[in-house]
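A short worksheet on the structure shown next.
The values are calculated or read from the model by the stated rules, or taken from the named source; none is laboratory data. Computed from a prediction, not measured in an experiment: that's the story for all the values here. Glycine gets a Cβ as well: all are built from the backbone with ideal geometry, and neighbour counts include every protein chain shown. These accessible areas exclude ligands, DNA and RNA; they are computed on the full protein's heavy atoms, side chains included. Shrake-Rupley method; radii C 1.70, N 1.55, O 1.52, S 1.80 Å.
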Amino acid sequence: MERTVAKTLVVEGVLNANDAIAQANREQFDRAGTYVINLMSSPGAGKTTLLEHTLERLDGKLRIGVLEGDVQTTVDADRLLRFGIPVVQVNTDPGFGGACHLDANMVHHGLGALPLPAIDLLIIENVGNLVCPAEFKVGEDSRVMISSVTEGEDKPLKYPLMFRSADLILVNKVDLLPHLDFDLPQFLRNLDAVNPTAPRFLVSARTGQGVEDWCAWLLARRPNAGRTSPTD
Amino acid sequence: MHELSIATSIVEIACRHAAGRRVTRVQLKVGYLRQVVPSALTFSFELVADGTSAQGASLDIEAVPASGICLQCGAQSALDAFPLQCSACGGFLLRIVAGEELIVESLELEEQEIGTHSG
Ligand SMILES: Nc1nc2c(ncn2[C@@H]2O[C@H](COP(=O)(O)OP(=O)(O)O)[C@@H](O)[C@H]2O)c(=O)[nH]1
Ligand SMILES: [Mg+2]
Ligand SMILES: [Zn+2]
């Protein structure tokens, strides 16, 4: 049987489908007046611990909700429940390769369980991974990345996609600096090489150092602070 | 392993455009600034394409070098290492104009309908 092969021009972004859902999420956040942070890091950099400090400090100042995507279990969500805030756990597909990041659709499914209009700030704890989450927009306003001093100075150069995509970088576990040979100035130079514009704060989710700066940054982003209202 | 998610999207795009025809080749543009490992992507693509109309299709990956326009002096520079820096004035603030692509450019499709295997 004769078969002819024809070339068809497509020119379609591989992540278009994800980006369209991210845009729909974003519209839902905007309608609810919710500011959304996508919190990313390698596993164990301190996302959940820092969240605990943040919730303590911002209690009564901001209505915060959390979407947890970090684990297959509900351990992280359980750690946050004591704060009496809305927390939803999104289990990333446990099938192979599925658990390395949150995508816009997973976040979309989690949103049904959150009272968005009663949330000023939604923090999405992404899956611990320095590559995959950077590719997938979920509808966030800002991307915050945690890099801990136990991970080494070379991380920005090894994972430039993630470091470049961040709007703020938190350098965590600085309480351990005296015990490590981590070269902080070199880390900051490497960070400058891939992302010269993002602000960075040195923090410790153990001692609370720098958490105040981070919370002030969050408060400055409170709903509508950076947005134009429909009447503008 | 985001190559797997990326491969899934590529197969989905290819099968949608193929509308039942067999896909024999997928041409992809991947910018240097994407952290896509070609061998991992090819491997994932073969895995995901299995059982769809893109089964057995070859995946051509065209790597696109990065370049940017300086916000300070307007010069365009090839960017082949970090820091991304203007080669004319040394400025670090650049508008990236190439290197961030992740695009299905074109497909080669067999015109004979195969009907049953759309994915
Ligand atoms: N010394 C020290 N340990 C920390 C700090 N932040 C987190 N940790 C510890 O690091 C481990 C992982 O923290 P966790 O918040 O679960 O990380 P996640 O995986 O990013 O959510 C826990 O044992 C924390 O107690 C810090 O600032 N200093
Ligand atoms: Mg966690
Ligand atoms: Zn210049």
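Could you figure out which of (1) in contact with a Gly (Cβ under 9 Å, 6 or more places away or on another chain); (2) among the aliphatic types (A, V, I, L, M); (3) at pLDDT below 95; (4) more than 16 Å from residue A:18 (Cα to Cα) isn't true of residue A:131?
Exception for residue A:131: condition (1).
I'd like to know if the range A:50-73 contains one or more residues that are of a type in the set (S, T, N, Q), closer than 30 Å to residue A:153 by Cβ and near ligand 2 (Cβ under 10 Å from one of its atoms). Please lay out each step first, then the result.
If we filter the range A:50-73 for residues that are of a type in the set (S, T, N, Q), which is where we start, we get A:54, A:72-73.
Of the ones still in play, those that are also closer than 30 Å to residue A:153 by Cβ are A:54.
Still in the list and also near ligand 2 (Cβ under 10 Å from one of its atoms): none.
No, the range A:50-73 contains no residue that is of a type in the set (S, T, N, Q), closer than 30 Å to residue A:153 by Cβ and near ligand 2 (Cβ under 10 Å from one of its atoms).
Please list, ordered by first then second residue, the pairs with beta carbon atoms under 8 Å, 6 or more apart or interchain, first in the range B:79-90 and polar (S, T, N, Q), second away from ligand 1 (no atom under 16 Å from the Cβ) and open to solvent by 70 Å² or more (accessible area, probe 1.4 Å).
The qualifying pairs are B:85/B:92; B:87/B:78.
Here are A:136, A:187, A:163, A:182: which of them is away from ligand 1 (no atom under 14 Å from the Cβ), open to solvent by less than 40 Å² (accessible area, probe 1.4 Å) and more than 10 Å from every other protein chain (Cβ to nearest Cβ)?
Details: A:136 fails: more than 10 Å from every other protein chain (Cβ to nearest Cβ); A:163 fails: more than 10 Å from every other protein chain (Cβ to nearest Cβ); A:182 fails: away from ligand 1 (no atom under 14 Å from the Cβ).
None of the other options fit; the residue is A:187.
Which condition from (1) small (Gly, Ala, Ser); (2) surrounded by fewer than 19 Cβ atoms within 10 Å (Cβ to Cβ); (3) within 12 Å of chain A (Cβ to nearest Cβ) is the one that residue B:98 breaks?
Of the numbered conditions (1) small (Gly, Ala, Ser); (2) surrounded by fewer than 19 Cβ atoms within 10 Å (Cβ to Cβ); (3) within 12 Å of chain A (Cβ to nearest Cβ), the odd one out for residue B:98 is (3).
Of the conditions (1) over 29 Å from residue B:103 (Cβ atoms); (2) open to solvent by 20 Å² or more (accessible area, probe 1.4 Å), residue A:46 satisfies every one except a single condition; which number is it?
Just one mismatch for residue A:46, condition (2).
Just to check your reading of the model, which residue among A:118, A:104 is small (Gly, Ala, Ser) and within 14 Å of chain B (Cβ to nearest Cβ)?
On the way: A:118 fails: within 14 Å of chain B (Cβ to nearest Cβ).
The conditions single out A:104.
Residue-wise test of (1) more than 14 Å from ligand 3 (Cβ to nearest atom); (2) assigned to a strand (DSSP E or B).
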residue	(1), (2)
B:17	yes, no
B:25	yes, yes
B:41	yes, no
B:45	yes, no
B:48	yes, no
B:81	yes, no
B:97	no, yes
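Are there any pairs, at least 6 apart or on different chains, whose C-beta atoms fall under 8 Å, with the first in the range A:192-214 and open to solvent by 60 Å² or more (accessible area, probe 1.4 Å) and the second polar (S, T, N, Q) and within 16 Å of ligand 2 (Cβ to nearest atom), and if so, which?
Matching pairs, first to second residue: A:206/A:49.
Can you go through A:66, A:87 and tell me which one is within 14 Å of ligand 1 (Cβ to nearest atom) and open to solvent by less than 10 Å² (accessible area, probe 1.4 Å)? Write out each step before concluding.
Details: A:87 fails: open to solvent by less than 10 Å² (accessible area, probe 1.4 Å).
Step by step, each of A:66, A:87 is checked, and only A:66 is within 14 Å of ligand 1 (Cβ to nearest atom) and open to solvent by less than 10 Å² (accessible area, probe 1.4 Å).
May I ask you to list the residues in the range A:74-89 that are more than 13 Å from ligand 2 (Cβ to nearest atom), under 18 Å from residue A:102 (Cβ atoms) and β-branched (Val, Ile, Thr)?
Initial filter on the range A:74-89 (more than 13 Å from ligand 2 (Cβ to nearest atom)): A:81-86, A:88.
Subset that is under 18 Å from residue A:102 (Cβ atoms): A:86, A:88.
Selection gives A:88 alone.
Got a number for residues in the range A:1-47 being within 8 Å of chain B (Cβ to nearest Cβ), polar (S, T, N, Q) and in a strand (DSSP E or B)?
The total comes to 1.
Considering B:9, B:5, B:39, which residue is touching a His at 6+ places or on another chain (Cβ under 8 Å) and free of Cβ contacts under 8 Å to residues at least 12 places away in the same chain? I'd like the intermediate steps shown before the answer.
Working: B:9 fails: touching a His at 6+ places or on another chain (Cβ under 8 Å); B:39 fails: touching a His at 6+ places or on another chain (Cβ under 8 Å).
None of the other options fit; the residue is B:5.
Can residue A:110 be described as more than 14 Å from ligand 1 (Cβ to nearest atom), among the small types (Gly, Ala, Ser) and open to solvent by less than 10 Å² (accessible area, probe 1.4 Å)? Walk me through it before giving the result.
Values: more than 14 Å from ligand 1 (Cβ to nearest atom): yes; among the small types (Gly, Ala, Ser): yes; open to solvent by less than 10 Å² (accessible area, probe 1.4 Å): yes.
Taking the combined requirement at face value, the residue satisfies it.
Only one residue in B:88, B:40, B:54 is under 27 Å from residue A:102 (Cα atoms), more than 10 Å from chain A (Cβ to nearest Cβ), at pLDDT 95 or above and more than 16 Å from ligand 2 (Cβ to nearest atom), so which one is that? Break it down into steps so the answer makes sense when it comes.
Working: B:88 fails: under 27 Å from residue A:102 (Cα atoms); B:40 fails: at pLDDT 95 or above.
One residue alone meets the criteria, B:54.
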